[in-house]
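K.L.:
Below is the structure I would like to discuss, written out as structure tokens.
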Amino acid sequence: MAAGNVAEPAAPAFTHRGMPTLATRSPEWEPEVDARVARVGTRIWIVADVFFFAAWFFAFFYLRALNNNYDWLPAGTTHPTRGIGAVIVLLAIASAGLYWAGARTVLAQRVTARLFFWLALIAGILCFGVQIYEFRNLGFDPQQGGGYPSVFVGLKGVWLFQLTGAMLWLAAQIAQTRPMGDVIIRPKSAVIFGNFMVFLAAIALVAYLVLYFV
Amino acid sequence: MRLVVLVLTVGIFSGLLALFIGGFVIRVPESLTASPATVAQGSTPAQNAFIHLETVASVDTAITFPRPGDPNPSWVSYLPTTILKVPANSTVTVQIDQEDGASGLRNPFWAQAQGIVGGTFHMTYFDDQGNPQEGDFSSIPDPASAAHTFAIPDLGVFVPLEGISDAAPAGSMNVITFSFKTGKAGVYHWQCFVPCGAGTIYGNGGPMQTLGYMAGFLIVQ
Amino acid sequence: MIRPNRTHALRLLIAWAVLSVIGVVIGLQLSLPPGSQSQQSIDQSGLLKLMIILSTPVFVGVVLFILYSVFAFRQKRGALEDGPRSYGNLRLQVAWVAITAVVVLILAGIGISQLNAAANGTNFTSSSAPALATSGDVGTTEGHALQVQVIAQQWYFTYRYADYSGVESLHLMLPVNANVVFHITSTDVLHSFWAYQLGVKADANPGVDNVTYVTTLQTGSFTVRCAELCGIWHGAMSDTSGAVVSQADFATWITQLQKDNLSIPLPPYAPYYFPSPRVKGT
Amino acid sequence: MATATMGSGGPALQASERQMVLPTNLLTGIVLAAAGYYVGVQIGNGLGFNDQLNTGVLLGYTFGTLLFLVGIGFANYPLARLFGWPIAPQSAGDEYRGAWRFLNLSLDHKVIGIQYLVAMLMAMFFGGIGAMLIRTNLLSPDQLVVPPDKYLVLVSMHSVMMIFVASAAIVGPFGNFFVPYMIGTNRMAFPRLEALSFWLVPPAIIILLAAPLFGGFPTGWTGYAPLSEQAGQGFDSYIVGFTLIGTALCVSGINMLTTVISLRAPGMTWTRLPIFVWGVFSASILGTFAAPILASALIMQGLDRSMNTSFFISSNGGSPYLWENLFWFFGHPEVYIFILPAFGIVMELIPHFARKPLWGYKTAVVGLLGVTLLSWFVWQHHLFVSGIAPALRPFYMLSTEMISIPTGIVFLVAFGTLWRAKISMTVPMLFCLGFLFNFLIGGLSGVFLSDVPSDVTLHGSYFSMAHFHFTIVGGEIFAIIAAIYYWFPKMTGRALNMTLGKIHFWWMMIAFNLAFMPLFAAGILDMPRRVSTYAPSLQSLNDWVSFWAYLLFASMLLFAVNVIWSWFFNAKVAPADPWHVRSIEWTLPTPLPRRNFERIPTFTSGPYDYGQPSPRPVADPGPEPAPA
């Protein structure tokens, strides 16, 4: 990826409260090795996560096709309003996009990067809030049975769970953009992490199309 | 140093082992450790046996055979125990004080009494007006009104137990009496075919699958 | 280098041939369950026998090779010599893969053909080979096949005869020389209907009509067991009094059953049942 | 001794940094775990679902585990990043010294390997006790030794515990310990993920052991719905415990794959990779990508049991088939997670003890990867009689039988290596040959089960049970024991007693085969799996099996005595290279230094280049560093 090719500056002796940070203290700290490891590992993780969500989409189409006891969509159950779902997806995409933009500029201007990261974090938190709101006003009760309500709650739930984890990581990244952060690792891991944000946004989009339109 | 490792390992290890074994010892229900129901010998002839049972919606509401200190006082259950010993090649007369409401049979086929002497059972019950009634039946009229069944599949014995009518006065019971013939010695399981395990999917969990509640053994000697 | 290779190989080959022949001859003497009560059980017995015969040479060869090399290619006590420096032999590897592939394909071919033949000798009018029919689409009576529904419940199998106004029975009775279509379903959890001597096994799922076929050939009794863990009485969920009887006996039995059933308020016959209530919580 | 194996080294944390991270160790972990369990139960029961209090138990286990991880120190790194504290380098020495470090969070792959080894042996012991109780019940055909409900609990505990063990018992101890050496690196790619993959295991095992306190669960390791949803709170142990093991598989797989891909030393080309690393690599592929599916399916079970959704309730629009498909789509790669590293061990050890190059190395690699690929396309052979789309049977029958092709390659490679070799019959070699014999029987019986018509008779019977016991116990466990005898001197600095080892092998081999061979017959004579009662005509057969099963357990006790005695009560330090083999880990001193390699080596030849007139060293330690 692009930023992966950015030439590494020689590791400067950044200090934090008079103490050298990871950059200079670890005897075998090799920036290019760390970058490669992070890149490979994130890709593997994303593929694994694809399998994770694949199970839920399989459940959706399988139960929908079987429609056991004609109870896939119980009588009186309606899809939630598409507007809210769209808001959630857009917020997720916005968060990923803003983060991506920030990750690009992270080497050049730290200030813009932090701004982007903050915006991405805010978008993610908003997304979280809207999703919770949707859960509280579903218009159907999964406890009353039905395949669609089950899959809806499950799929959205696990996605929200991963979004929460991503937001925590994002907060950590923001913290690391402070002057005493380990600035050498940051650009690499930032770009890598951007991939995962984009992946989550993509899942949100697919889930939106599947859950609200199919 | 290495002794420290050893001691710690052994400590954790034996702790977990205790947990594992304890899991099996502690939670064994009373009815397993309790001695089987005493088989009252009927007057005629000496070979015949008489078993008196009670079926309740929850153990703590038992009238005839209260079982205090039960680990699951709110479970539906046969009382006093579900491990019955009877002599081989004999006629066993069973009296069941049925105090549970109707749950209904999932397979109405079990509404038919089968494998009992004379093909009929005697029942005193309460009709919809709550008046006591009495009679001999080969099946219960409405499968939905069944509370339990007393079934020994390997002996071909299936007896439906009518649920107590809502109009019946509180604390009243349907008394069902029937007799069946035991074959050769052996261990036969007996169960209930009404999905009466409230709170579990399809009503067949919990008491339905725990020895001492709705599941038991008939030990023919 | 060549000479000892050849002697070793020759010895192994001879021993292998002799022992394999002996093993196969022994294998041919076997008469394996599930027996000959139905076409399916005959097929299965034959296939089991065939597999034992096919796997005997493999087994003999591997064990022989291990034992031989352990004794012939032993490191001298205390010595530390290296073996010959050989990194592989492509031709041999290709040959090996090819042979295993051929054996596998033969086995798969036999299996598939038997799958399709599962209903051979039956006069199904439907064009779809029953083994390839998806469950549910054989719900109606086809040809002269006897339709029997197996209802699994915790913890007993009961049987309904669709062709006889859906009468229900405690035991499974089948006429001899008949094509039977089993419709296996469950009213609660998963079970598996295993009529051992008939060579029939099929899972019972709530709300599913699982179809399987049997062609009875001999009279006699058979055992029915549950082959899928279904709870406390899974082990006891068996019935040894199923029987294949003559057509006449079956007719008398089924008429008697219809009489007995008159007093039972059975629901109308359905291909499957969705259990209710789905009780959660108290 | 293990502690002596790794001397102090690496820059220790300075006091001024310590104060910035939470004080964490095993005790804080246990305390927080208890607190978390209590809080979780309160919250879950407070939510007020009509669910027989399953939510409470589920949340209790989950919170307990999470807070346990926090307490043992996994929160320090994220918190440090979150608050911008300086971060301890991954190569930092452990905070703890001596025995205490093995009971605390450590990022040292050597420590983690030994932690895994001990945990796995303990779990195996529990599973073994379960097996003994099962065989005791089957001594008599009636159901009175162990009541049937308790019997199902036993079967389920034994199966799940052994699945836990089998899925991590090679990649965990030996993969984590030796892969970095074999590829020539000083560090794992993600040491914290590696540590996490271990520290998820003890909670999983303890949660599983706690199941009987809640009445246990009757479903066996397959956990088929809706029986699983009838079960009481015991089944929540299955859900959480299995999820934790799945997560451990996934994260350890990510770490292992990334390490092998990114951190190989110069000269360690893909074609020089030791075959054991290939085995771990292919198993890690399966673990990484199959476990998430299990996690999803288990979350569905949890939702069904806690929130009363209906993923698997056919009356309410769900389907039991959904669970069967998802479970076996994970479950079949899972069984190859068991066996692929075992293949790796066997093909790694045979060349060393035959003192001959691995015959057909590339074919062997192709075989391993072929199994890895095919194992994704066979899961429905577990559902041949389930009634799912019979039209698919021929395909799955074919794909299943095709797996015997790459498996056959493994045997071919073993044979080619043994041919005209110089075999020294050491104890590890004995177990490798035993593996070949047992796995041959397991594989052949697998062909019986793969053909649909014969599977109709054998499915779900003791035949299939005997089949997978031959592949897992006779296969994987034998390989594990071979690996323990082989690597124990390097891992712990103590050699096992080889006389006891020889006795152990013959005892175990004979007892195992005499115990499990008759079970094939039991299966063909219509004895279904997981039954607490059976036809009286089979009693003598079952008694015979039980007798030899006891002896099998006794042989494992002998092994345990050997391990414990040699490890803790034997002062004699093992020689650095007791086997005189080429593999690089044996060129390093014993006990192993804290840093694997002072200078990253350059690999100059493969690990199996025996039979050369003047053999090159396997690796070149590299030039002396220029004096600064």
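K.L.:
Give the residues of segment C:12-51 that are under 30 Å from D:ALA421 (Cβ atoms), more than 13 Å from chain D (Cβ to nearest Cβ) and of a type outside the set (Ser, Thr, Tyr), sorted by residue number.
P.N.:
C:LEU13, C:ILE14, C:ALA15, C:ALA17, C:VAL18, C:LEU19, C:VAL21, C:ILE22
K.L.:
Just to be sure, is D:ARG582 in contact with a His (Cβ under 8 Å, 6 or more places away or on another chain) and within 30 Å of D:ALA265 (Cβ to Cβ)?
P.N.:
Answer is yes for this residue.
K.L.:
Can you name the condition, by its number, that D:ARG530 falls short on among (1) over 28 Å from D:GLY446 (Cβ atoms); (2) within 12 Å of another protein chain (Cβ to nearest Cβ); (3) of a type in the set (D, E, K, R)?
P.N.:
The number of the failed condition is (1).
K.L.:
A further question follows. If I filter segment D:212-221 for residues that are farther than 26 Å from B:ASN72 by Cα, over 18 Å from the mean Cα position of the chain (by Cα), among the β-branched types (Val, Ile, Thr) and modelled with pLDDT of 90 or more, do I get at least one hit?
P.N.:
no
K.L.:
Could you count how many residues in segment C:60-88 are part of a loop (DSSP other than H, G, I, E, B), free of Cβ contacts under 8 Å to residues at least 12 places away in the same chain and facing another protein chain (nearest Cβ under 7 Å)?
P.N.:
In the first step, residues of segment C:60-88 are kept if they are part of a loop (DSSP other than H, G, I, E, B); the result is C:73, C:75-88.
From what's left, free of Cβ contacts under 8 Å to residues at least 12 places away in the same chain: C:73, C:75-83, C:85-88.
When the remaining residues are screened for being facing another protein chain (nearest Cβ under 7 Å), the result is C:73, C:75, C:80-83, C:85-88.
Of the residues in segment C:60-88, 10 are part of a loop (DSSP other than H, G, I, E, B), free of Cβ contacts under 8 Å to residues at least 12 places away in the same chain and facing another protein chain (nearest Cβ under 7 Å).
K.L.:
When you go through (1) under 14 Å from D:PRO528 (Cα atoms); (2) touching a Ser or Thr at 6+ places or on another chain (Cβ under 7 Å) one by one for C:MET237, which number turns out not to apply?
P.N.:
The number of the failed condition is (2).
K.L.:
While we're on this one: Would you be able to say whether some residue in segment C:30-49 is touching a Gly at 6+ places or on another chain (Cβ under 7 Å), assigned to a loop (DSSP other than H, G, I, E, B) and crowded, with 17+ Cβ neighbours inside 10 Å?
P.N.:
Yes, segment C:30-49 contains a residue that is touching a Gly at 6+ places or on another chain (Cβ under 7 Å), assigned to a loop (DSSP other than H, G, I, E, B) and crowded, with 17+ Cβ neighbours inside 10 Å.
So that you can scan it fast, the table gives a plain yes or no per residue for (1) among the basic types (Lys, Arg); (2) more than 25 Å from C:LEU13 (Cα to Cα):
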{"residue": "C:GLN37", "(1), (2)": "no, yes"}
{"residue": "C:ILE42", "(1), (2)": "no, yes"}
{"residue": "C:LEU48", "(1), (2)": "no, yes"}
{"residue": "C:MET51", "(1), (2)": "no, no"}
{"residue": "C:LEU54", "(1), (2)": "no, no"}
{"residue": "C:VAL60", "(1), (2)": "no, no"}
{"residue": "C:GLN75", "(1), (2)": "no, no"}
{"residue": "C:ALA79", "(1), (2)": "no, yes"}
{"residue": "C:ARG85", "(1), (2)": "yes, no"}
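K.L.:
Enumerate the strands (runs of 3 or more DSSP E) found wholly within segment B:139-216, keeping only those where 3 or more residues are away from chain D (no Cβ under 14 Å) and under 15 Å from B:GLY104 (Cα atoms).
P.N.:
The strands (runs of 3 or more DSSP E) meeting that bar are B:146-152, B:157-162.
K.L.:
Another one. Of the residues that make up segment A:36-54, is at least one in a loop (DSSP other than H, G, I, E, B) and surrounded by 20 or more Cβ atoms within 10 Å (Cβ to Cβ)?
P.N.:
no
K.L.:
OK, next. Any residue in segment B:117-129 that is β-branched (Val, Ile, Thr) and buried (at least 20 other Cβ atoms within 10 Å of the Cβ)?
P.N.:
No, that holds for no residue.
K.L.:
Taking the condition of being over 20 Å from B:HIS189 (Cα atoms), crowded, with 19+ Cβ neighbours inside 10 Å and either without any contact (Cβ under 8 Å) to a residue 40 or more places away in the chain or not assigned by TED's automatic domain parsing to the domain that holds C:GLY231 (or both), how many residues in segment C:153-185 meet it?
P.N.:
Count: 4.
K.L.:
Oh, and also: Take D:THR258 and decide whether it is in a loop (DSSP other than H, G, I, E, B), in the same structural domain as D:PHE174 (by TED's automatic domain parsing) and farther than 21 Å from D:ILE345 by Cβ.
P.N.:
Taking the combined requirement at face value, the residue does not satisfy it.
K.L.:
Same structure again: Which residues, taken from segment D:566-583, are in contact with a helix residue (DSSP H, G or I) (Cβ under 6 Å, 6 or more places away or on another chain) and either aromatic (Phe, Trp, Tyr) or closer than 22 Å to D:VAL111 by Cβ (or both)?
P.N.:
D:TRP567, D:PHE568, D:ALA574
K.L.:
From the set of residues in segment C:227-255 that are of a type outside the set (Ser, Thr, Tyr) and assigned to a strand (DSSP E or B), which is nearest to the other protein chains (Cβ to nearest Cβ)? Write out each step before concluding.
P.N.:
Let us first name the residues in segment C:227-255 that are of a type outside the set (Ser, Thr, Tyr), namely C:227-237, C:239, C:242-245, C:247-251, C:253-254.
Filter again for assigned to a strand (DSSP E or B), leaving C:239, C:242-245.
Numbers: C:ASP239: 8, C:GLY242: 13, C:ALA243: 15, C:VAL244: 17, C:VAL245: 18 Å.
So the residue we want is C:ASP239.
K.L.:
For segment A:68-87, name all the residues that are over 16 Å from A:TYR212 (Cα atoms) and either at the interface with chain D (Cβ under 7 Å from one of its Cβ atoms) or acidic (Asp, Glu) (or both).
P.N.:
A:ASN68, A:ASN69, A:ASP71 - these are the residues of segment A:68-87 that are over 16 Å from A:TYR212 (Cα atoms) and either at the interface with chain D (Cβ under 7 Å from one of its Cβ atoms) or acidic (Asp, Glu) (or both).
K.L.:
Go through segment C:215-252 residue by residue and tally those that are out of contact with any Phe, Trp or Tyr (no Cβ under 7 Å at 6 or more places or on another chain) and closer than 13 Å to C:SER41 by Cα.
P.N.:
The qualifying residues number 4.
K.L.:
Separate question: For the structure I just gave you, tell me whether D:VAL581 is buried (at least 19 other Cβ atoms within 10 Å of the Cβ), assigned by TED's automatic domain parsing to the domain that holds D:ALA495 and at pLDDT 90 or above.
P.N.:
no
K.L.:
Only one of D:ALA619, D:ALA535, D:ALA626 is modelled with pLDDT under 90, of a type in the set (A, V, I, L, M), farther than 30 Å from C:GLU228 by Cβ and surrounded by fewer than 21 Cβ atoms within 10 Å (Cβ to Cβ). Can you tell me which? Even if it seems obvious, please write down each step before you answer.
P.N.:
Values: D:ALA619 fails: surrounded by fewer than 21 Cβ atoms within 10 Å (Cβ to Cβ); D:ALA535 fails: farther than 30 Å from C:GLU228 by Cβ.
After ruling out the rest, the residue left standing is D:ALA626.
K.L.:
Restrict the check to segment D:312-332 and report whether at least one residue is among the aliphatic types (A, V, I, L, M), part of a helix (DSSP H, G or I), farther than 24 Å from D:ASN176 by Cβ and assigned by TED's automatic domain parsing to the domain that holds D:THR222.
P.N.:
yes
K.L.:
Among the residues of segment D:465-482, are any out of contact with any helix residue (DSSP H, G or I) (no Cβ under 6 Å at 6 or more places or on another chain), closer than 30 Å to D:THR590 by Cα and either more than 14 Å from every other protein chain (Cβ to nearest Cβ) or among the polar types (S, T, N, Q) (or both)?
P.N.:
yes
K.L.:
Also, I was wondering about something else. Take the residues in segment C:231-278 that are of a type in the set (S, T, N, Q) and touching a helix residue (DSSP H, G or I) at 6+ places or on another chain (Cβ under 8 Å), then tell me which one is nearest to B:PRO108 (Cα to Cα).
P.N.:
Among those residues, the one meeting the criterion is C:SER276.
K.L.:
Another question about this same structure. Identify, by number, the condition in (1) within 11 Å of chain A (Cβ to nearest Cβ); (2) at pLDDT 95 or above that D:LEU263 doesn't meet.
P.N.:
Single failed check for D:LEU263: (2).
K.L.:
If you go through segment D:475-500 one residue at a time, how many are surrounded by fewer than 24 Cβ atoms within 10 Å (Cβ to Cβ) and among the small types (Gly, Ala, Ser)?
P.N.:
Number satisfying all stated conditions: 2.
K.L.:
Failed condition for D:ILE299, given (1) surrounded by 24 or more Cβ atoms within 10 Å (Cβ to Cβ); (2) at the interface with chain A (Cβ under 9 Å from one of its Cβ atoms), with all others met?
P.N.:
Status for D:ILE299: all satisfied but (1).
The values are calculated or read from the model by the stated rules, or taken from the named source; none is laboratory data. This one's a predicted model, so the numbers in the text were calculated from it and none came from an experiment. Don't worry about glycine lacking a Cβ; one is built from the backbone with ideal geometry, like all the others, and counts go over all protein chains shown.
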